[in-house]
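Values quoted throughout were computed directly from the atomic coordinates according to the rules given, and no laboratory measurement underlies them. What you are looking at is a predicted structure, and each value in this text was computed from that prediction instead of being measured. Cβ atoms come from the backbone with ideal geometry, glycine included; neighbour counts cover every protein chain shown.
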Amino acid sequence: MELSGIRDAGIIVTGAAQGIGEGVARHLAAGGAQLALIDRQAEQVAAMADALGGHGFAADVTDEASVEAAITGAADALGTIDGLVNIAGVQHLGPLIDQSADEFDAHFNVNLRGTWLVTRHVARHMTENKSGSIVTVSSNAARVPRVRQGAYCASKAGVSHLMRVFALELGPTGIRVNTVAPGATETPMIRRMMEGMGFGEAMLKGDLDNFRTGVPLGRIAQVDDVADAVAFLLSDQSRYITMHEMVVDGGATLGA
């Protein structure tokens, strides 16, 4: 079934050069959306935009001037901004007592501050039309603690709550704001993490030494599992849903 409200909609996707961002961009393009893709990797995002028939913008989400220029360019290119998908993010693994201050700060600068900056500038455009849908990819790590992911967990918990406040403030203007909280998803980043942390099968079966439950569905997510959830929350089928976090983790957080 084709989701209404996606075809011909002007949608911005951040972090679109690789991983979940790339998968979501491809998914939305296949559904007929008009895309503006944002990523700090200039060559990669330009190539992705060309491949999908969209518009590419190189920007650092931690820099307000860079964000404002990219969002203004996207609005001009699309004509209108109907949707936003925040995906740009970083993750540096390591015990909290060993992590450098720069690594710790990077999580909050990119994951939290960057999401705030992009959402704020997009929302200012959306309020002119009194409509729009914003979906932010958070993480199930926002709900449960993970060893060697402390700064990531904390920053994603901040992201999830930030979007609830955006939903509360923007609801009266007709703008919906929701989050998708994936678990482990088949991307190069998760493969590196599984190798670096020695999880492998333990990610699926659980690991008591790392205080980690398994995945009841028995597999990690494919990018399309996440992209389907994002597309639904962008679409008209979710027109009465806001301030919601959809957990897409195969049951790994046991409903937490």
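Observations on the model:
- Label-point separation, Thr127 to Met243 (7 Å along Cα→Cβ), nm: 1.9 nm
- When Met126, Met243 are arranged by Cβ crowding within 10 Å, least crowded first, meaning fewest neighbours, the order is Met243, Met126.
- Region 1-99: trypsin sites (Lys or Arg not before Pro) in DSSP coil with no more than 15 other Cβ atoms inside 10 Å: Arg7
- Take every DSSP beta bridge whose two residues both sit in the chain; close to 5 percent of them are antiparallel.
- GNM result for the chain, Cα springs below 10 Å: residue of Ala16, Ala157, Ala65 fluctuating most strongly: Ala65
- Simple spin-label estimate for Val165 and Arg219 in nanometres, 7 Å along Cα-Cβ: 3.9 nm
- For region 146-159, the Karplus equation 6.51 cos²θ - 1.76 cosθ + 1.60, evaluated at θ = phi - 60°, returns couplings of 10, 5, 6, 9, x, 5, 4, 4, 5, 5, 6, 4, x, 4 Hz by residue, with Gly and Pro reported as x.
- Each Lys and Arg Cβ is given +1 and each Asp and Glu Cβ -1; about its Cα centre, the chain then shows a dipole of about 640 debye.
- Gaussian network model of the chain, Cα within-10 Å springs - most flexible of Arg176, Arg124, Arg212: Arg124
- Choice from Ser100, Ser131, Ser155 showing the highest fluctuation, given a GNM over the chain with Cα pairs closer than 10 Å: Ser100
- Distance histogram in 5 Å bins (all Cα pairs of the chain, percent per bin): 1, 7, 14, 19, 21, 17, 11, 7, 3, 1, 0
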